[in-house]
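Here the structure comes first, spelled out in structure tokens, and everything after it is commentary.
The values are calculated or read from the model by the stated rules, or taken from the named source; none is laboratory data. Computed from a predicted model, the values in this text were never measured in an experiment. Cβ atoms come from the backbone with ideal geometry, glycine included; neighbour counts cover every protein chain shown.
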């Protein structure tokens with residue numbers, strides 16, 4: 001079955017529409033609270049970081065911090081794992097970009113005129129107009145900056161999405177109906193080859209997260225890529241001990257799956 005990845009302006013109804021689609025199709029629904037719970041299971045440190053840094057514009061220091069990179073790698077790995085399980089709606093956190101090359105993923109962006117969103121946020125959060133406006137501007141800025149800082153792409157780039165829906169002119173139910181129809185069209189693209197590729201992507205992100213969160217190794221240049229269906233691990237390592245630890249982690253995560261190494265030893 002096709003999967004749905006949603007990007008949304010604050011107040012455009014992403015959660016509501018996503019829940020409607022999930023309920024209609026019997027899909028799993030994955031939003032920040034679900035991901036926060038998963039990160040808590042990975043360790044209290046990661047759950048705490050998620051609640052502090054989720055879709056927030058990272059400082060220059062945070063972008064180069066080991067813990068931030070680990071948190072981001074874990075979040076990405078969770079999203080890919082959920083996608084690989086199939087029949088899921090994933091809200092935000094760069095999911096449309098992370099799943100960009102998955103043909104049976106419907107990448108959608110929900111938008112609405114600012115005034116419409118202000119009215120919604122005033123009602124939902126019990127705020128006056130000025131406070132609602134400030135909140136919308138702050139959240140949208142943080143989401144856009146989070147996306148740009150981590151993925152070097154504009155949050156609202158049209159090329160990222162299969163579909164953009166304006167919930168100022170559509171009801172949430174109408175938007176959900178359109179998404180259900182679009183997902184049905186995407187189903188035909190869920191070929192065994194496409195599913196296998198998604199499983200490989202999920203494995204690559206899982207390995208990256210496992211290395212990024214292991215305090216025994218510090219490989220800021222680490223890259224785990226897929227090249228013609230083969231996992232390729234590259235980066236600069238500092239010692240034979242670090243290389244041995246990396247090889248152990250790779251065996252632990254990938255089992256007997258062949259992995260090609262393209263790393264370099266620092267002189």
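Remark: pairs (first residue in the range 227-247, more than 19 Å from residue 209 (Cβ to Cβ); second residue modelled with pLDDT of 85 or more; Cβ separation under 6 Å; 6+ apart in sequence or on different chains) = 230/260. For residue 73, the criteria (1) closer than 30 Å to residue 25 by Cα; (2) at pLDDT 95 or above hold in every case but one, which is (2).
Note on the range 1-88: enclosed helices (runs of 4 or more DSSP H) holding 3 or more residues that are buried (at least 23 other Cβ atoms within 10 Å of the Cβ) and touching a helix residue (DSSP H, G or I) at 6+ places or on another chain (Cβ under 7 Å) are 66-85.
Scanning the range 84-94 for residues that are closer than 14 Å to residue 22 by Cβ and in contact (Cβ under 8 Å) with a residue 60 or more places away in the chain yields 86, 87, 88, 89, 90, 91. Taken over the range 104-136, residues that are within 22 Å of the chain's Cα centre (by Cα) and either surrounded by fewer than 16 Cβ atoms within 10 Å (Cβ to Cβ) or on the phi > 0 side of the Ramachandran plot (or both) amount to 0. Condition first: touching a residue at least 24 places away in the same chain (Cβ under 8 Å), outside any helix (DSSP H, G or I) and either in the same structural domain as residue 177 (by TED's automatic domain parsing) or under 20 Å from residue 13 (Cα atoms) (or both). Can you find one or more residues in the range 126-134 that meet it? Within the range 126-134, none of the residues are touching a residue at least 24 places away in the same chain (Cβ under 8 Å), outside any helix (DSSP H, G or I) and either in the same structural domain as residue 177 (by TED's automatic domain parsing) or under 20 Å from residue 13 (Cα atoms) (or both). The set of residues from the range 137-155 being assigned to a loop (DSSP other than H, G, I, E, B) and surrounded by 16 or more Cβ atoms within 10 Å (Cβ to Cβ) comprises just one member, 155.
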